[in-house]
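Here is the structure we will look at.
The values are calculated or read from the model by the stated rules, or taken from the named source; none is laboratory data. Computed from a prediction, not measured in an experiment: that's the story for all the values here. Backbone-built Cβ (ideal geometry, glycine too); neighbour counts: all protein chains shown. Surface areas here come from the heavy atoms of the whole protein model, side chains and all, with no ligands, DNA or RNA. Shrake-Rupley method; radii C 1.70, N 1.55, O 1.52, S 1.80 Å.
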Amino acid sequence: MHEACTLTITELKDLLDRKEISVPDIVASVYRRIDTVEDRVRAFVTLTREKAMETAQKAQDAIQSGALNSKQLTGIPLAIKDNMCTKGIPTTCASKILHTFVPPYESTATSRLAGEGYILIGKTNMDEFAMGSSTENSGLHVTKNPWDPERIPGGSSGGSAAAVAADECIAALGSDTGGSIRQPAALCGVVGMKPTYGRVSRYGLVAFASSLDQIGPITKNVRDSAVLMNIISGHDPCDSTSAPVPVPDFTAVLGKDIRGMKIGIPEEYFIDGMDREVEEAVREAVKQLESLGAVPVKVSLPHTGYAVATYYVLAMSEASSNLARYDGVKYGLRSEGKDLMEMYMNTRAEGFGAEVKRRIMLGTYALSSGYYDAYYRKAQQVRTRIKDDFGAVFRDVDAIVTPTTPTAAFRIGEKTSDPLQMYLSDIFTISVNLAGVPAISIPCGFTSDNLPVGLQFIGKHFDEESIIKLAFAYEQSTVWHRRKPSL
Amino acid sequence: MKYETIIGLEVHAQMLTATKIFCGCPTAFGAGPNTQTCPVCIGMPGVLPVLNRKALEFAIRTGLATHCRISPYSRFARKNYFYPDLPKGYQISQYELPICEDGHVKIIADGKSRRIGITRIHMEEDAGKNIHEGAGNYSFVDLNRAGVPLMEIVSEPDIRSPLEAVEYMKKLRAILRYLGVCDGNMEQGSLRCDANISLRPAGQKELGVKAEIKNINSFRFVEKALDYEIKRQIKVLDSGGRILQETRLWDSARGITESMRGKEEAHDYRYFPEPDLVPITVNQQWIEEIRSALPELPDVKRARFVSFYGLSEYDTDFLISEKPLADLFEETVKLGGQPKAVSNLITGDLLRLLNAENKSIEECPLKPKQLVGILNLIENKIISWTMAKTVLDEMYRTTAENIGIAKLELPALEITADAIVKEKGLVQISDTGEIEKAVDDVIAKNPKEAERFKSGEEKLIGFFVGQVMKLMKGKANPQMVNDLLRKKLSSQP
């Protein structure tokens, strides 16, 4: 039998149901793995070992006494990105300004997982306040790509993606503002899902850009993604932007025939400067989908070229406001100053990293009177165009298929001196957040350096089912998701 | 030079909701610091606001009562600035698309009726409070008030004098209280205003440069601050100076306004639509439900009181100033009181008693039935108006005591005017013989005054009435005393 830590949620649930494994065994296996590889991966900022072992034992006792059966996540060890509030457990956003913060409340997404009996393994590293595409902007430490420790795992959910890829947990939650789940999932060779905006409650998710942020699962395969989606989705009265729409059973579409489904291939997503091996893998994947009966259709999303600029204006504007509460008055870091203004300035100067400061400054500028119309309002107008592009294409196709990233994982330090280059690594994921539609990234091949390549399926609003169906069909017909990094 | 004064008011009214605008914390005044807070209203990382439907309903109710258009689509915005009492670093307010627009209220100032336009009414959350006392080098922050729902009612620059400004404020306060959406308590800050004021040479079209006076919290201060500011601006303009666009503070202790910050340091609030709240869509049916549930408002009540009860405008204005006062009046009339007599009893003696104890009309212990009891005794000439005062005082005192006792779960006694009159022996004497005897006595004892009266000193009648009343311990029918005195004094040789 494989080590428990290498298995999926579904596989472990089967073993548990057949009483072939115990919850403490599963959790112990995961921590053994962490002890072996974590110093090379550095995926976590907080480990909750004692509490996890305790919870595991309680779950096992309950199972044995017959008091507990068949909750979906009983005994399943998951990792949570450190921007989701976990009651009584530090939630730092990988920022110095919050490194002492212990929330007295639980995020809705994690409390729904808890309702199904999951076991929290630890909180994962990320770019500070989810700002970045490489997890190099963490205020704490850099996470390494399990496929090549010289390389970045992607970001900002780099810790979650690396932990899943390295079998340091069974699955994880990440958050995706401009690609922060899908891009690291692609670069780490795992499955990352960004649900429709409003599908999953943002309550308890420390905000980066409120109109774009969405929580989603990072898993070892598509089935686990559907399982977690079933649990975390649905209206939450604590989040006005969460949609009061019914949640289908996302696992019900797994294995369904994809013959006749139309998949749009947008010309704008195959650009100059894109890695040749990535492009080849994606084109190969499209052929594979075609062989399964899907019908590729050439489509156009004409405003794609404006997406990155639009995204950064809006995301930074919202971020400048969302991060104003870290002022040293109520919680987190407080620096000394001779008066109030100096205390504010010192706290924020010492507490925030360079990328966060850059974004606060740009966002403040974009919102200030005299520039608002030229930047913020204009960006909102372009956002509407981008949304309309998707609306038009989705009149003709069931899903859109694109590369997730233009290149495989780059080297640590390679793009840190050039923020604009770094921003371009999200070029294929950003439009999805602007439009608020769902998308999933799954492995579709490897480069000659043995680095994973990601394939992105984009769906209509609240139609996660189509992309799960397509992704699962593709996944089942290939072997990419079975490969493991040699750590 | 002659100037015209242009004033616009921004009135902040705290809504009477039980809970805050974006969370479930209570809004009660006076609790210990930071005891009425939760992660949402103190802006903890990751938490989200959810709009209180009651606050929305109150804003719509106010909009309807002030003839505003209710926007079917409105939204919240963030107003960004740093201050320790502002937990999130921004205030959630409405900016581009407020819930109510284009209304008006009517006021009467200096006998002239005027219509003051309302530009908009929008909802927002209050900030907390910084406490600077008792901390040495530190300040404390109390966030109980953070997230308390406010309405900001912005007037057009239609106000032309400090008196009109006060009348406008009073009218708004009455409307808000009638609607039950704000208690109007200015001392506790439930109602406060910022005033924009500018002057322009009479006849000029363009507006002059304005100053904004922040946070005025009483009617008297509105008048005084604006009076001061007008004089200040005239002085500047007459000496050839220019008014600076700035924010000023009213210093009530010194009776002056002073500069707080100038335009060059003015805040850039960087408003943008609040992404954590979905836009508000209000359906017409709900608006109509709210409209049909509106109470009778001061203007309508005023017209009805004048025409239906035949009261003077002066009495009417007094009675309608507070809805409970008008209600007490109407209930007492319904039980058989004569409108004028009821009005006199309430506006005169009853309010004197309440004021002496600093009580509001809502705290009045007396019921309409008790008041009618007194009025019936006067009507039936059993007691005089003078004696009625004594009865009222006694009834007020014993009823209040009785209510105090009733709280101890003893049965409440019904205290009636009849009982008091009987117990105190306060029956009015209308016996001609008895009064005549007293009148004769008094005239006999005061021959000089009687002479002076006869030689034309009419006002001495008051002296004689007083003496007779004193002799009869106030129980004589005053009309009879008066008649007899006049008869006797003029008939004597």
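Phi angles across the stretch A:287-295 convert, under the Karplus curve 6.51 cos²θ - 1.76 cosθ + 1.60 with θ = phi - 60°, into 3J(HN,Hα) values of 4, 4, 4, 4, 5, 8, x, 6, 10 Hz, Gly and Pro given as x. For the peptides B:309-319, A:168-178, the ranking by packing is A:168-178, B:309-319, with the highest mean count of neighbouring Cβ atoms within 10 Å listed first. Could you tell me how many degrees, from 0 to 90 and to the nearest 10, lie between the Cα long axis of helix B:368-379 and the main elongation axis, the longest principal axis, of the Cα atoms of chain B? The angle comes out at about 30 degrees. Computed across the protein assembly as shown, the Kirkwood radius stands at 33.4 Å (inverse of mean 1/r, all Cα pairs).
According to the Kirkwood relation over distinct C-alpha pairs, the hydrodynamic radius of the stretch B:353-493 is 17.2 Å. Which value, in square angstrom to the nearest 100, describes the accessible area buried between chains B and A on both sides, using a 1.4 angstrom probe? Approximately 2800 Å², summed over both chains. Restricted to Cα atoms, the stretch A:54-146 shows a radius of gyration and a Dmax of 15.5, 47 angstrom. Roughly how many Å is it from the Cα centre of the stretch A:351-408 to that of the stretch B:138-206, as a whole number? With the stretch A:351-408 and the stretch B:138-206 each reduced to a Cα centre, they are spaced 40 Å.
Short to long, the 5 Å bins of the Cα pair-distance histogram for the stretch A:366-487 hold 2, 9, 15, 17, 17, 15, 12, 7, 4, 2, 1, 0 percent of all pairs.
Sorting the segments A:383-392, B:419-428, A:58-67 by their residues' average number of neighbouring beta-carbon atoms within 10 angstrom, most packed first, yields A:383-392, B:419-428, A:58-67. Backbone phi angles across the stretch A:10-17, fed through the Karplus curve with coefficients 6.51, -1.76 and 1.60 (θ = phi - 60°), yield HN-Hα couplings of 4, 5, 5, 4, 4, 4, 5, 4 Hz in residue order; Gly and Pro are listed as x. Taking the Cα centre of the stretch B:260-364 as origin and assigning +1 to Lys and Arg Cβ atoms and -1 to Asp and Glu Cβ atoms, the resulting dipole is close to 320 debye. If eta is 0.692 mPa s and T is 37 °C, what Stokes-Einstein diffusion coefficient results for the stretch A:68-119, Kirkwood Rh from Cα pairs, in µm²/s? Estimated diffusion coefficient is 279 µm²/s.
With coordinates expressed along the principal axes, the C-alpha atoms belonging to the stretch B:244-358 extend over 64, 51, 27 Å, beginning with the largest. By the Cα gyration tensor, the stretch B:446-489 has an equivalent ellipsoid whose semi-axes, rounded to whole angstrom, run 19, 11, 8 from largest to smallest. Averaged over peptide A:321-332, the number of partner chain Cβ atoms lying within 10 Å of each residue's Cβ comes to 6.
Taking amide H as placed 1.01 Å from N in the peptide plane, residue A:445 has its amide H under 5 Å from the amide H of A:453, each at least 5 places away in sequence or on another chain.
DSSP bridge analysis restricted to the stretch A:53-199 gives an antiparallel fraction near 20%, rounded to the nearest 5.
Residue ranges B:59-68, A:245-254 sort as B:59-68, A:245-254 when ordered by packing (mean number of other C-beta atoms within 10 Å per residue, highest first).
Against chain B, whose longest principal axis is taken from its Cα atoms, helix B:162-179 shows a tilt of about 90°. Relative contact order of chain B: 13 percent, from C-alpha pairs under 8 Å at least 6 residues apart in sequence.
Using only the C-alpha atoms of chain B, find the volume of their convex hull and express it per residue in Å³.
240
Whole-percent P(r), the stretch B:1-154, all Cα pairs, 10 Å bins from 0: 11, 35, 29, 17, 8, 1.
Keeping the other protein chains in place, figure out the carbon and sulfur percent of the accessible area of the stretch A:192-305, with a 1.4 Å probe. The computed percentage sits at 52. Each 10 Å bin, from zero up to the one with the longest distance, holds this percent of the alpha carbon pairs of chain A: 4, 22, 33, 27, 11, 3, 0. DSSP beta bridges in the protein assembly as shown, what fraction antiparallel, as a percent rounded to 5? Bridges in the protein assembly as shown that DSSP calls antiparallel: roughly 80 percent. Here the Karplus curve 6.51 cos²θ - 1.76 cosθ + 1.60, taken at θ = phi - 60°, turns the phi angles of the stretch B:338-346 into couplings of 6, x, 5, 5, 4, 4, 4, 4, 6 Hz, with x standing for Gly and Pro. The mean number of Cβ atoms from other chains found within 10 Å of a Cβ in peptide A:100-107 is 2, as a whole number.
For the segment B:32-44, counting C-beta atoms of other chains within 10 Å of every residue's C-beta and taking the mean gives 2. Surface composition of chain B: carbon and sulfur atoms hold 52% of the protein heavy-atom accessible area at a 1.4 Å probe.
In plain terms, the C-alpha convex hull of the stretch A:1-74 casts an average shadow of 5.2 nm² when viewed from every direction.
The alpha carbons of the stretch A:125-167 stretch over 24, 18, 15 Å along the principal axes, in descending order.
For the residue pairs A:123/B:129; A:87/A:378; B:106/B:224; A:144/A:194; A:58/A:194, the alpha carbons lie more than 31 Å apart in A:123/B:129; A:87/A:378; A:58/A:194.
Once the Cα atoms are used to define both axes, helix B:219-238 deviates from the longest principal axis of chain B by about 60 degrees. Every pair of different Cα atoms in the stretch B:217-289 enters the Kirkwood calculation, which places the hydrodynamic radius at 16.3 Å.
For chain B, the antiparallel share of DSSP beta bridges with both residues in that region comes to about 90%.
Near residue B:141, the amide H atoms lying under 5 Å from its own belong to B:131; only residues 5 or more places off or on other chains count, and H is placed 1.01 Å from N.
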